[in-house]
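Got a structure here, written out as structure tokens. Questions coming.
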Amino acid sequence: MDSSEKSLGFIPYGRQHVSPEDVASVVETLTSEWLTQGPVIERFERAMAEYCGAKYAVATSSATAALHLACMAVGLGAGDRLWTSPNTFVASANCGRYCGAEVDFVDIDPRTYNLDPVELEAKLEQASHRGILPKVLIPVHFAGQSCRMEEIAELARKYDVRIIEDASHAVGSRYRSLQVGSCAYSDMTIFSFHPVKIMTTGEGGMILTNNESHYHRLLRLRTHGITRAEHEMQGQTHGPWYYQQLELGHNYRMTDIQAALGLSQLRLLDEFVARRRVLARRYDEALCGLPIVLPQQDSLSESAFHLYVIRVQKERAGKGRKQVFEALRAAGIGVNVHYIPVHTQPYYQALGHAWGDFPQAETYYQEALTLPLYYDLSFEEQDRVISVLASVLT
Ligand SMILES: *Cc1c(COP(=O)(O)O)cnc(C)c1O
């Protein structure tokens, strides 16, 4: 957001909340011994694992890096297949391509906009007959609402598919009364701490898992594939300085500076989520009389509401999504669209995907509009969004 937008009272669709305590934590780390991957990383990882009810956590430089490492940890490679939702950010699919795997998609449930377990079952059965089952499935908890993980996990067991939850939107969400990130229904779960997400480290991500061998592999892959643990080495150590590179990894480390921000933000996470839920309920109540589709919530899911997405259907609303988008932007309201179906991106079209492949995701995309929703959005600002939207639609 630039300053001219701010002075006109521009309301973005999402933004971070950074408190004076956050600033103090970061400054304290800046003047400490460690700047990158020191003791604060470990504290942040432990706190996050505890919050989620998972055994292990590995902080990374971004959720994109976390997705890549998670795919590497389960051995995804050339000749393998990865499936994800078309209604996501491109990173959920790109991680498969980094590993040389083929990427395919499973269409969404038109009610929740999440990967549809019914579609998944049919597609797995077909793929099983043809001997082209995926190695990895990445369900994405769109807008913060968990996918139906119980059904998905059962199918994954039946067809021997690894599950990596992309919970970039769902830090602080719950499913069946468990914290998303508990990995009760998956091999690993990844979070994003990008500033528009629920909590932030500037850039940053994390992988949660209950699997000890995945955990050790992730730690190694995060730092070039290097180990300093003698029991992991081939042959004898040369001395206290010695390390070995056992495989090809990356530099995907988070800094201690970022972890200090994350650790401090984590203290407010429940408050962030509670406020988002209040604002979402306020939208529900204020908008239910308008000719639009409001977000529907599965009874098993308690969303952290990263996004509040409405659907504008021309037949019902008398105006198309594009017209409504432009009218709101002209009024200084930072609406957005999540997501352009990934399979329609030119990069994925060049790999053989096409418009028409996933009709639910495509229809949804034509109608979707994300309204502003973030911790510091005031009721007055929200009322302005509501009244402008109402006047555009009536
Ligand atoms: C933001 C986002 C990512 C990528 O997160 P980064 O931390 O920016 O790499 C991946 N998947 C989804 C669904 C996201 O929304």
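Are any residues in region 121-133 of a type outside the set (D, E, K, R) and in contact with a helix residue (DSSP H, G or I) (Cβ under 7 Å, 6 or more places away or on another chain), and if so, which ones?
Residues satisfying the conditions are L124, S128, L133.
Hey, does region 113-130 have a residue that's within 13 Å of V180 (Cβ to Cβ), in contact with a strand residue (DSSP E or B) (Cβ under 8 Å, 6 or more places away or on another chain) and not charged (D, E, K, R)?
Yes, region 113-130 has at least one match.
In region 198-214, which residues are closer than 27 Å to V26 by Cβ and either surrounded by fewer than 24 Cβ atoms within 10 Å (Cβ to Cβ) or touching a Ser or Thr at 6+ places or on another chain (Cβ under 6 Å) (or both)?
T200, G202, E203, G205, L208
With respect to L371, determine if the residue is farther than 30 Å from M199 by Cβ and either among the aliphatic types (A, V, I, L, M) or in contact with a Leu (Cβ under 6 Å, 6 or more places away or on another chain) (or both).
Judged against the criteria, L371 is not a match.
If we scan region 222-234, do we find a residue that is closer than 25 Å to A170 by Cα and either in a strand (DSSP E or B) or under 23 Å from the mean Cα position of the chain (by Cα) (or both)?
yes
What tally of residues in region 248-297 results from selecting those that are closer than 30 Å to T227 by Cβ, charged (D, E, K, R) and not in a helix (DSSP H, G or I)?
Qualifying residue count, region 248-297: 1.
Let me ask another. When the residues of region 286-333 are narrowed to those that are under 25 Å from Y375 (Cα atoms) and of a type in the set (D, E), which ends up surrounded by the fewest Cβ atoms within 10 Å (Cβ to Cβ)?
Top of the filtered list is E326.
Are there any pairs with C-beta distances below 6 angstrom linking a residue in region 368-387 that is more than 20 Å from A317 (Cβ to Cβ) to a residue that is in a strand (DSSP E or B), with the two at least 6 apart or on different chains, and if so which?
Pairs that qualify, where the first residue is more than 20 Å from A317 (Cβ to Cβ) and the partner is in a strand (DSSP E or B), are L373/Y308; E381/I11.
Within region 134-165, take every residue that is in a loop (DSSP other than H, G, I, E, B) and within 21 Å of L69 (Cα to Cα) and give me the one that is farthest from the chain's Cα centre (by Cα). Don't jump to the end; show me each part of the working.
We begin by selecting, within region 134-165, every residue in a loop (DSSP other than H, G, I, E, B); these are 134-135, 139, 141, 145-148, 160-161.
Narrowing further to those that are within 21 Å of L69 (Cα to Cα): 134-135, 139, 141, 160-161.
On the way: P134: 21, K135: 20, P139: 10, H141: 7, D160: 24, V161: 20 Å.
Here the residue is D160.
Does L69 satisfy the criteria of being out of contact with any His (no Cβ under 6 Å at 6 or more places or on another chain), more than 22 Å from H338 (Cβ to Cβ) and surrounded by 24 or more Cβ atoms within 10 Å (Cβ to Cβ)?
It is true that L69 is out of contact with any His (no Cβ under 6 Å at 6 or more places or on another chain), more than 22 Å from H338 (Cβ to Cβ) and surrounded by 24 or more Cβ atoms within 10 Å (Cβ to Cβ).
For residues that are more than 30 Å from L369 (Cβ to Cβ) and of a type in the set (G, A, S), scanning just region 124-177, find the one that is farthest from the ligand (Cβ to nearest atom).
Among residues in region 124-177 that are more than 30 Å from L369 (Cβ to Cβ) and of a type in the set (G, A, S), the one farthest from the ligand (Cβ to nearest atom) is G131.
Cβ-Cβ under 8 Å, sequence separation 6+ or interchain: first residue in region 190-206 and closer than 14 Å to L269 by Cα, partner of a type in the set (F, W, Y) and near the ligand (Cβ under 7 Å from one of its atoms). Which pairs?
Taking only residues 6 or more apart or on different chains, the pairs are M199/F193; T200/F193; T201/F193.
Pairs under 7 Å by beta carbon, first residue among the aromatic types (F, W, Y) in region 84-111, partner more than 9 Å from the ligand (Cβ to nearest atom), six or more apart or different chains?
Cβ pairs passing all conditions: Y98/H68; F105/W83; F105/T84; F105/P86; F105/V342; F105/H343; F105/F358.
So if I check each of H250, H238, which one is on the phi < 0 side of the Ramachandran plot, away from the ligand (no atom under 16 Å from the Cβ) and surrounded by fewer than 20 Cβ atoms within 10 Å (Cβ to Cβ)?
Numbers: H250 fails: away from the ligand (no atom under 16 Å from the Cβ).
Just a single option satisfies the conditions, and that option is H238.
Which of the residues that make up region 20-70 are among the hydroxyl-bearing types (S, T, Y), under 15 Å from G202 (Cβ atoms) and more than 20 Å from the chain's Cα centre (by Cα)?
S25, T29, T36, listed by residue number.
Restricting the search to region 274-309, which residues are β-branched (V, I, T), within 16 Å of V335 (Cα to Cα) and out of contact with any Lys or Arg (no Cβ under 9 Å at 6 or more places or on another chain)?
The one that is β-branched (V, I, T), within 16 Å of V335 (Cα to Cα) and out of contact with any Lys or Arg (no Cβ under 9 Å at 6 or more places or on another chain): V309.
Please list, ordered by first then second residue, the pairs with beta carbon atoms under 6 Å, 6 or more apart or interchain, first in region 64-75 and farther than 21 Å from K197 by Cβ, second more than 13 Å from the ligand (Cβ to nearest atom) and part of a helix (DSSP H, G or I).
Every condition considered, the pairs that remain are M72/L221; A73/H214; A73/R217; A73/L218.
If you go through region 177-213 one residue at a time, how many are touching a strand residue (DSSP E or B) at 6+ places or on another chain (Cβ under 6 Å) and more than 15 Å from M254 (Cβ to Cβ)?
Adding up the residues that qualify gives 8.
Where a number appears in this text, it was derived from the coordinates with a stated rule and is not lab data. Just so you know, these numbers come straight off a predicted model, no measurement behind them. Every residue, glycine as well, gets a Cβ built from its backbone with ideal geometry; the counts of neighbours run over all protein chains shown.
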